[in-house]
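Single-structure report; data block below.
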Amino acid sequence: MIRIEDVHKRYKTDHGMGRWVLQGISLTIPANTNVGLIGINGAGKSTLLRIIGGMDYPNKGRVVRQCRVSWPMGQGGLEATLTGRQNAKFVCRVHGHQNDLPDRLAFVQDFSELGRAFDEPIKTYSSGMRARLQFALSLAFDFDVYISDEVTAAGDASFRKKTAAAFKDMAHRAGLIMVAHDENTLKQFCQAGILISDGKAQWFDQIDDALKAYRDGIQK
Amino acid sequence: MRSQLSITLAVWHAIFLREALDRLFRERGAWFWLLIEPITHIGFLALMWGVIRKTDMGGMDVVVWLMVGMLAFFLFRRTAIQVMYAVDCNRPLFVYRQVKPFDTAVVRGGLEAFIMALVSAIIIVIVNLLGRDAIPSDPLLVMGAVLGLWLFGMGYGLIASVLMELVPELEHILKILMMPLYLISGSIWPLASIPSPYREYLMINPIAHGVEAVRLGYVSHYHAVPGLSLGYLYACSAASIFLGLLLYRRYVLRLVMQ
């Protein structure tokens with residue numbers, strides 16, 4: 001379960017503080033629920049997602065996580081001077097997997113299909129190779145809730161097919177909070193929806209209702 | 001669920017190994033340059049003092065005097081600079097919310113102490129093999145003074161890293177500041193030779209106290225600079241670390257937020 005309590009957020013710009021992106025969002029996201037975040041561009045979907053994931057902090061309010069929450073899928077940080085393997089080791093250690101390190105590394109190497117490039121520095125990687133490694137890292141751990149921001153499967157066709165299958169499997173197994181602009185993706189993966197507009201959030205038990213409210217909002 | 005302590009320890013372990021790799025193997029022979037930098041400084045200045053026929057410095061062999069002062073100052077400088085850039089160099093890793101800015105700072109400082117211990121041991125062995133008597137007579141005093149210098153380096157680095165984040169232009173000033181600090185800390189010429197009242201002004205600098213105290217620990221009959229006080233060094237270290245921690249606590253969000 002994730003509790004979001006009265007979260008306010010604004011960013012610092014070159015000309016002082018910017019406008020409020022989120023203004024008093026209070027929600028409770030139950031365990032094992034797949035939720036889609038809906039809103040127009042710039043509504044604050046990604047901001048809220050980052051705050052839920054703990055990558056960013058609210059100016060006011062707080063988020064209580066009573067479960068293991070992932071970092072945004074496929075967007076894990078990589079250190080450019082280290083190799084793929086060294087980066088993978090770092091992430092495993094940070095997440096407390098020192099003991100079964102070889103298993104996790106074997107999974108990451110196998111899933112990413114990087115072959116010998118796994119032992120080359122990240123700075124030599126192409127963007128496709130980076131994406132493969134980042135996606136494999138996201139799947140290497142058992143989180144209770146995964147968060148996903150527009151995970152447009154990267155890489156070539158065969159890898160895209162593989163990630164889509166893995167994503168589907170993961171969505172059945174654990175909770176998921178996702179941002180996507182494609183309605184079919186949202187309907188496929190999510191039961192509930194959160195509509196964000198004007199810095200406020202509204203919870204819908206059915207994703208279809210959320211999408212309907214979103215469309216009505218645009219037409220006005 | 002892991003306890004908070006076990007998470008922090010796991011993160012420190014991970015950062016330590018990642019930083020050690022970066023520091024020792026970032027480029028071809030990176031570890032070699034860590035060792036060679038102090039050696040060239042000591043060697044060049046030993047040559048300079050040798051040219052003017054100065055073999056004794058307040059009762060100490062001039063090579064040992066230079067070695068001790070240089071290693072003590074390098075410990076401070078390297079710790080300060082490494083801690084100063086800890087947040088900057090680990091920015092991609094803050095995506096994992098277990099990793100906090102303070103973790104990177106404290107682990108980098110610890111790693112630098114570890115590396116300087118190895119570098120110092122190697123240089124001390126070399127100087128001994130060259131026939132100079134480079135064995136401390138009071139190891140406890142040496143360790144006490146070295147610890148004080150390291151703590152002051154940590155404090156300086158913590159404060160500098162936050163200031164740099166708040167006012168980016170300060171980076172230039174903080175970089176320039178290291179040069180005069182090198183000159184006035186008494187690592188290349190004796191502060192005892194400076195007349196009063198200017199010597200008292202220079203002794204405001206806590207690094208000078210640390211450098212001289214390490215020398216006194218090496219040779220008990222060394223004529224250390226008057227007014228030497230380890231207590232002053234430790235007071236400055238404690239104050240700077242406290243201020244640094246306070247700034248981290250206050251501005252921790254600014255350090256990682258985009």
Q) Does B:THR79 fit the bill of being over 22 Å from B:ALA134 (Cβ atoms) and at pLDDT 90 or above? A) yes
Q: Provide a single number: the residues in region B:224-246 that are closer than 21 Å to B:LEU183 by Cβ and part of a loop (DSSP other than H, G, I, E, B).
A: 5
Q. In region B:184-229, what count of residues is obtained for those that are under 16 Å from the mean Cα position of the chain (by Cα) and of a type outside the set (Asp, Glu)?
A. 15
Q: Determine, yes or no, whether A:GLY16 is more than 24 Å from A:THR163 (Cβ to Cβ), free of Cβ contacts under 8 Å to residues at least 24 places away in the same chain and more than 14 Å from chain B (Cβ to nearest Cβ).
A: yes
Q: Six or more apart or on different chains, Cβ under 7 Å: which pairs go from a residue in region A:163-192 that's without any contact (Cβ under 8 Å) to a residue 40 or more places away in the chain to one that's in a helix (DSSP H, G or I) and of a type outside the set (Gly, Ala, Ser)? Could you list them?
A: A:THR163/A:PHE135; A:MET170/A:LEU139; A:GLU183/A:LEU211; A:LYS187/A:ILE207
Q | Residues of region B:115-150 satisfying the condition of being surrounded by 23 or more Cβ atoms within 10 Å (Cβ to Cβ) and more than 13 Å from B:PHE74 (Cα to Cα) | A | B:ALA145, B:GLY148
Q | Qualifying position, being aromatic (Phe, Trp, Tyr), within 12 Å of another protein chain (Cβ to nearest Cβ), touching a residue at least 40 places away in the same chain (Cβ under 8 Å) and touching an Asp or Glu at 6+ places or on another chain (Cβ under 9 Å), among B:TRP12, B:TRP65 | A | B:TRP12
Q. Across region A:26-39, what is the total count of residues that are surrounded by 13 or more Cβ atoms within 10 Å (Cβ to Cβ) and in a loop (DSSP other than H, G, I, E, B)?
A. 3
(Q) Quick check on region A:78-102: of everything there that is closer than 30 Å to A:LYS45 by Cα and surrounded by fewer than 19 Cβ atoms within 10 Å (Cβ to Cβ), which residue is farthest from the other protein chains (Cβ to nearest Cβ)? (A) A:ALA80
**Q.** region B:75-108, subset among the hydroxyl-bearing types (Ser, Thr, Tyr) and out of contact with any His (no Cβ under 8 Å at 6 or more places or on another chain), residue nearest to the other protein chains (Cβ to nearest Cβ)
**A.** B:THR104
(Q) What's the total number of residues in region B:36-89 that are on the phi > 0 side of the Ramachandran plot, of a type in the set (Lys, Arg) and either buried (at least 22 other Cβ atoms within 10 Å of the Cβ) or touching a helix residue (DSSP H, G or I) at 6+ places or on another chain (Cβ under 8 Å) (or both)? (A) 0
Q. Taking the condition under 14 Å from the mean Cα position of the chain (by Cα) and farther than 22 Å from B:LEU246 by Cβ, does B:LEU181 pass?
A. yes
Q: Identify the single condition in (1) in contact (Cβ under 8 Å) with a residue 40 or more places away in the chain; (2) more than 21 Å from the chain's Cα centre (by Cα) that A:GLN75 does not satisfy, given that it satisfies every other one.
A: (2)
Q | Criterion violated by A:VAL64 - all others in (1) surrounded by 21 or more Cβ atoms within 10 Å (Cβ to Cβ); (2) modelled with pLDDT of 90 or more satisfied | A | (1)
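Each row is one residue, and each column tells you yes or no for (1) closer than 24 Å to A:ALA180 by Cβ; (2) modelled with pLDDT of 90 or more; (3) surrounded by 13 or more Cβ atoms within 10 Å (Cβ to Cβ); (4) not basic (Lys, Arg).
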position	(1), (2), (3), (4)
A:ILE4	yes, yes, yes, yes
A:THR13	no, no, no, yes
A:GLY16	no, no, no, yes
A:VAL21	yes, no, yes, yes
A:GLY24	no, no, yes, yes
A:LYS45	yes, no, yes, no
A:ARG50	yes, no, yes, no
A:MET55	yes, no, yes, yes
A:PRO58	yes, no, yes, yes
Q) Would you call A:THR152 in a helix (DSSP H, G or I), at pLDDT below 90 and of a type in the set (Ser, Thr, Tyr)? A) no
Q.
Being without any contact (Cβ under 8 Å) to a residue 40 or more places away in the chain and over 22 Å from B:LEU216 (Cα atoms) is the filter here; which residues of region B:32-49 pass it?
A. B:PHE32, B:TRP33, B:ILE36, B:GLU37, B:THR40, B:PHE44, B:LEU47, B:MET48
Q. Does B:THR40 count as among the hydroxyl-bearing types (Ser, Thr, Tyr), more than 21 Å from B:VAL119 (Cβ to Cβ) and away from chain A (no Cβ under 14 Å)?
A. no
Q. Of all residues in region A:156-184, how many are crowded, with 17+ Cβ neighbours inside 10 Å and within 27 Å of A:GLY42 (Cα to Cα)?
A. 8
Q. Consider A:ALA180 against the criteria (1) within 12 Å of the chain's Cα centre (by Cα); (2) within 22 Å of A:GLN66 (Cα to Cα); (3) of a type in the set (Gly, Ala, Ser): it satisfies all of them except one. Which criterion is unmet?
A. (2)
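The values are calculated or read from the model by the stated rules, or taken from the named source; none is laboratory data. If you're wondering where the values come from, they're calculated on a predicted model, not measured in any experiment. In this analysis, Cβ positions are derived from the backbone assuming ideal geometry, glycine residues included, and neighbour counts consider all displayed protein chains.
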